[in-house]
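Have a look at the structure below before the remarks.
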Amino acid sequence: MNVAVLASGVGTNLQALLDRVHGRDDVHVVAVASDKPDARALERARAAGVPVGVFELAGFADRSARDRAMGDWLTERGVELVVLAGYMQLLSAAFLARFPAGVINVHPALLPAFPGLGAVEQALEYGVKVFGVTVHFVDEGVDTGPVILQRAISLPEARTEAEVLERLRPIEHELLPEAVRLIAGGAVRFDPENPRRVLLDRSGSP
């Protein structure tokens, strides 16, 4: 399966994908795109020999034009799955339609709780003691797509966003590559009785 990664920042989740699934089990990261030309994620991709593209919103008439150009670039590279790994831009409905059930995201909360930006800050303000990570399909809503994988962690003494994110990051680095591996292996399917429910077949898991 040819995978593209969209990232806006440092790219630690991209690195996890490159280290754990790229070139294994027929998974190949064939493109990395960013909305920021100085994103560290692009350096990581170049170091791995993966083609990169920069699609700054300022360079296009609007978000739709940007997403159309980015979609064209990904399609030219035969991309089958798009992974959002710290990509801080909303994608247009037209972009998502080009990759039906083929865009996934990693989110630092146990969805459907605390969607959108500042998820950890929201959770801290609410006073929760259990945090977590969700990998989910992307639809036209904000973090509303069907959940693929989740993992919770109890952090009853957590007080700051940085502290929580530090504990969540290793979980992200495990769940996101695992989700890609499962999808590439045909182990993820939608429940015909409930299109918002994802069924996993882990029979082939090591």
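Taken together, the values in this text are just the output of simple stated rules run on the coordinates, not laboratory data. None of these values were measured; they are calculated from a predicted model. All Cβ positions, even for glycine, are placed from backbone atoms using ideal geometry, and neighbour counts span all protein chains on display.
Which condition does Gly132 not pass, out of (1) surrounded by fewer than 20 Cβ atoms within 10 Å (Cβ to Cβ); (2) part of a strand (DSSP E or B); (3) not aliphatic (A, V, I, L, M), if it passes all the others?
For Gly132, the failing item is (1).
Given Arg167, Arg197, Arg181, which one is more than 25 Å from Phe114 (Cα to Cα), among the charged types (D, E, K, R), out of contact with any Pro (no Cβ under 6 Å at 6 or more places or on another chain) and not in a loop (DSSP other than H, G, I, E, B)?
It is Arg181.
Limited to the stretch 186-200, what total is found for residues that are out of contact with any strand residue (DSSP E or B) (no Cβ under 9 Å at 6 or more places or on another chain) and surrounded by 15 or more Cβ atoms within 10 Å (Cβ to Cβ)?
0
Pull out all pairs, ordered by first then second residue, where Cβ-Cβ is under 7 Å, the residues are six or more apart or on different chains, the first lies in the stretch 177-194 and is of a type in the set (Lys, Arg), and the second is surrounded by 20 or more Cβ atoms within 10 Å (Cβ to Cβ).
Listed by first residue and then by second, the contacts come to Arg181/Val21; Arg181/Val27.
Out of all the residues in the stretch 1-17, which are surrounded by fewer than 21 Cβ atoms within 10 Å (Cβ to Cβ) and assigned to a strand (DSSP E or B)?
Hit for the stretch 1-17 is Asn2, nothing else.
If you check every pair at least six apart or on different chains, which have Cβ atoms under 6 Å apart with a residue in the stretch 59-72 that is over 12 Å from Ala33 (Cα atoms) first and a residue that is of a type in the set (S, T, N, Q) second?
Note: pairs meeting the criteria are Arg63/Ser92; Ser64/Ser92.
Could you look through the stretch 144-164, keep only residues that are under 16 Å from the mean Cα position of the chain (by Cα) and part of a strand (DSSP E or B), and pick out the one that is farthest from Phe99 (Cα to Cα)?
Per the stated criteria, the residue is Arg151.
I'd like to verify a number: residues in the stretch 113-127 that are within 27 Å of Asn194 (Cβ to Cβ) and in a loop (DSSP other than H, G, I, E, B), how many?
So the answer is 4.
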